[in-house]
Structures are given as C-alpha cells and as structure tokens.
C-alpha cells in the first residue's frame with residue numbers, strides 16, 4: 001500500500017483535456033486544490049495529440065489511458081484524489097456500433113480500473129461526479145392519447161426504412177414523447193454508447209454505496225459550444241452544421257426533420273458541474289440529475305437557424321436516418337434546478353452565434 005500521509009490531495013479529472021474538461025478547468029482552479037487532468041489525447045479529438053491551448057497551465061496534464069492499471073498505480077502513489085470528476089468517455093453513437101470494444105474499454109473498463117486502484121491504494125475520494133448521457137434513456141417514455149405511459153424499444157432498422165419515425169400505441173395511433181427525468185424515466189439504451197454509459201453508472205453506484213462515497217451522476221443532453229473539437233467526425237451536429245453552412249452547402253436533415261433535441265450550451269454544463277461539486281450529496285445518497293435547457297429544438301429548426309446565419313440555402317429534409325438515434329431527447333430539469341440552485345442561461349440562438357464566432361476565429365469556417 002502507498003504511504004497515504006505523504007500524498008497531496010487533488011482534484012482529479014479524467015478526460016480533463018476534452019471539451020467539457022477544458023471548459024471546467026477554470027472553475028476547478030477556484031477550489032484551491034491542485035488539479036490534475038488525465039487524458040489520452042486521442043488523435044480523433046486532438047490532432048497531433050497536443051495539449052489544448054485552452055487548458056490553463058495550472059492544470060497538470062497526465063497523458064495516459066484510463067483503462068490501464070499502470071496509469072492509476074503511478075498516479076496514486078503520488079496524489080490523493082479529494083474530488084474526482086469522471087469525464088473520460090468515447091461518445092460516438094454511430095461509431096459505437098462498429099467500435100464497441102473501444103467504447104467499452106474507456107467507458108466501462110476505464111471506470112472499473114480507476115475504482116480498483118482507489119481501493120488498492122487506500123485513496124478514497126470525498127465525492128465522485130460523473131457526466132453520463134441522455135443516451136442511457138434510449139427512446140425514453142411516451143404517452144398514448146388515452147394517457148397510458150410506455151417505454152418503447154429502440155426503433156429497428158426495418159421500422160426506420162419504412163419511415164415510421166414516431167412511436168405509436170397498440171392500435172397504431174401516434175404517441176407523445178415525455179421529457180426525460182431520472183426520477184421517472186426508465187433507462188433503456190438504444191445504442192452501444194448508451195449501454196456503456198449506463199453500465200458505468202451502475203458500476204459507480206454499487207461501488208460508491210459499498211464504500212459510502214458520495215456520488216453525483218449528471219445525465220447531459222446534447223452539449224455544444226466553443227471548444228468542441230471541429231476535427232472529430234463524430235462531433236455534435238451543431239458544429240457540423242456550422243461548418244457546412246459557412247461553405248454555402250445545403251444542410252441535410254434526417255428523418256422528417258422533427259427529431260427533438262435539447263441543445264445545452266457548454267457554459268451551462270460547466271455551471272451545473274460547479275454547483276454539483278459545491279453541493280455534494282450525503283454518503284447515503286445517490287444523486288442522479290438531468291442537465292439540459294428543458295427546451296425542445298427540432299433538428300430542422302436548428303438547421304434553419306444555422307443556415308440563416310450564413311445565408312446558406314434552406315435545409316433539405318432527406319428522409320435519411322441513422323441506426324441507434326432516438327426520436328426525442330429533452331430533459332425535465334425541475335429537480336436539477338431545485339437541488340443545485342442552478343438555471344441554464346443560454347438560448348440556442350445565442351449559443352449558436354457564439355460558437356460561430358469561435359469557429360471563425362479558429363479558421364474552421366468556410
């Protein structure tokens with residue numbers, strides 16, 4: 001065992017050089033503790049595997065694989081994690097269908113390796129915060145016209161080929177989607193990515209309960225904003241739409257355009273994380289909260305907003321689809337507001353405008 005008395009307490013952030021981790025770093029430095037980011041700097045997100053310029057110098061970066069036991073053994077010989085923020089994740093919904101092992105290694109094995117090392121080195125944190133995903137809900141809950149609530153299975157490839165976009169009741173009448181709330185919406189992932197994130201949640205929940213470690217799970221909706229990798233082909237659709245529209249290209253909108261999403265700006269996610277860290281739950285509590293705006297934006301509306309910013313042609317609804325995508329994903333943030341004393345500040349139009357300015361400054365448009 002390590003000499004625990006000789007180790008320095010730190011804030012430990014896995015995936016700390018990524019989109020959310022870099023944005024969160026300024027808030028973490030205000031905690032007054034040494035902050036270490038553990039990140040593998042994968043080429044898909046970080047060309048040349050270079051340290052992000054936006055990551056403050058005061059944040060120590062350990063370039064290492066979270067799924068390696070050696071990573072944790074080396075690190076925990078020197079430091080004691082007081083607060084752990086788990087951001088490291090492979091996030092591509094479509095990519096997870098063809099690279100499931102890669103997603104499982106980072107999202108599931110990476111988490112279990114970390115927890116095993118905490119026990120092995122007697123380095124138990126005071127609070128663990130993990131960013132999960134709305135993907136754990138899959139298609140979520142829907143309500144029939146007569147008020148019955150049901151949880152549909154993932155839409156099949158055959159169903160999508162028939163352009164049957166919405167879920168229906170037993171008699172074929174279209175149902176209405178219900179906003180996602182961790183207290184009421186049953187998790188039922190429709191992608192490999194979502195399944196790995198739910199597995200990560202369950203592992204953390206069982207481990208934290210056994211060792212009386214306070215655990216906060218924040219299920220994020222679609223995060224976008226400055227700092228999101230424009231190089232990553234699996235980056236969120238908002239950044240992709242900006243890049244295409246800035247070139248005057250026609251935006252291709254899938255299904256019938258009415259795919260519902262909750263686009264939450266990066267600053268609102270950071271403020272939710274900061275509030276969560278500042279208000280840890282008790283050791284007996286598992287806190288699972290949803291982070292979004294609570295406002296539905298269809299993909300077609302998002303495309304029209306972005307196309308209009310650049311004078312690009314009107315978007316075209318193509319009827320194409322992507323296996324594993326869900327029809328509707330919007331958060332009910334009532335409990336998050338109450339428990340964290342937090343409120344999202346950014347509208348989609350304002351956030352999209354700021355993202356455009358950042359992309360232009362970086363030379364990523366046109």
Return the residues of segment 187-241 that are touching a helix residue (DSSP H, G or I) at 6+ places or on another chain (Cβ under 6 Å), buried (at least 19 other Cβ atoms within 10 Å of the Cβ) and assigned to a helix (DSSP H, G or I); say none if nothing qualifies. 192, 193, 194, 196, 197, 198, 200, 207, 241
Specify the residue that is nearest to residue 129 (Cα to Cα); the eligible residues are those in segment 70-93 that are assigned to a loop (DSSP other than H, G, I, E, B) and in contact with a strand residue (DSSP E or B) (Cβ under 6 Å, 6 or more places away or on another chain). 87
Count of segment 28-41 residues which are in contact with a helix residue (DSSP H, G or I) (Cβ under 8 Å, 6 or more places away or on another chain) and surrounded by fewer than 16 Cβ atoms within 10 Å (Cβ to Cβ): 1
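Does residue 58 count as buried (at least 17 other Cβ atoms within 10 Å of the Cβ), farther than 16 Å from residue 129 by Cβ and in contact with a strand residue (DSSP E or B) (Cβ under 8 Å, 6 or more places away or on another chain)? Spell out how you get there, then give the answer.
Working: buried (at least 17 other Cβ atoms within 10 Å of the Cβ): no; farther than 16 Å from residue 129 by Cβ: yes; in contact with a strand residue (DSSP E or B) (Cβ under 8 Å, 6 or more places away or on another chain): yes.
So residue 58 fails the test.
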Which condition does residue 110 not pass, out of (1) surrounded by fewer than 19 Cβ atoms within 10 Å (Cβ to Cβ); (2) part of a helix (DSSP H, G or I); (3) out of contact with any helix residue (DSSP H, G or I) (no Cβ under 8 Å at 6 or more places or on another chain); (4) modelled with pLDDT of 95 or more, if it passes all the others? (1)
Return the pairs, sorted by first residue and then second, in which the second residue is assigned to a loop (DSSP other than H, G, I, E, B), the first residue lies in segment 99-125 and is more than 19 Å from residue 40 (Cα to Cα), the beta carbons are less than 6 Å apart, and the residues are 6+ apart or on different chains. 118/124; 121/2; 122/1
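Tell me, yes or no, whether segment 342-360 has at least one residue that is more than 23 Å from residue 246 (Cβ to Cβ), modelled with pLDDT of 95 or more and either surrounded by 19 or more Cβ atoms within 10 Å (Cβ to Cβ) or touching a strand residue (DSSP E or B) at 6+ places or on another chain (Cβ under 6 Å) (or both).
yes
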Do you know which residues across segment 315-366 are part of a helix (DSSP H, G or I) and within 30 Å of residue 280 (Cβ to Cβ)? 334, 335, 336, 337, 338, 339, 340, 351
How many of the residues in segment 142-163 are surrounded by 14 or more Cβ atoms within 10 Å (Cβ to Cβ) and within 19 Å of residue 321 (Cα to Cα)? 5
Name, by its number, the condition in (1) over 14 Å from the mean Cα position of the chain (by Cα); (2) over 22 Å from residue 282 (Cα atoms); (3) in contact (Cβ under 8 Å) with a residue 40 or more places away in the chain that does not hold for residue 91. (1)
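On the basis of being out of contact with any helix residue (DSSP H, G or I) (no Cβ under 7 Å at 6 or more places or on another chain) and either under 24 Å from residue 250 (Cβ atoms) or surrounded by 20 or more Cβ atoms within 10 Å (Cβ to Cβ) (or both), does residue 335 make the cut?
So residue 335 fails the test.
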Leading residue by the ranking (farthest from residue 222 (Cα to Cα)) among those in segment 309-328 that are touching a strand residue (DSSP E or B) at 6+ places or on another chain (Cβ under 6 Å) and surrounded by 18 or more Cβ atoms within 10 Å (Cβ to Cβ): 315
Would you call residue 262 buried (at least 16 other Cβ atoms within 10 Å of the Cβ) and either farther than 18 Å from residue 217 by Cβ or at pLDDT 95 or above (or both)? yes
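The values are calculated or read from the model by the stated rules, or taken from the named source; none is laboratory data. Since this is a predicted model, take the numbers as computed values, not measurements. Heads up, the Cβs are rebuilt from the backbone with ideal geometry, glycines too, and the neighbour counts pull from every protein chain shown.
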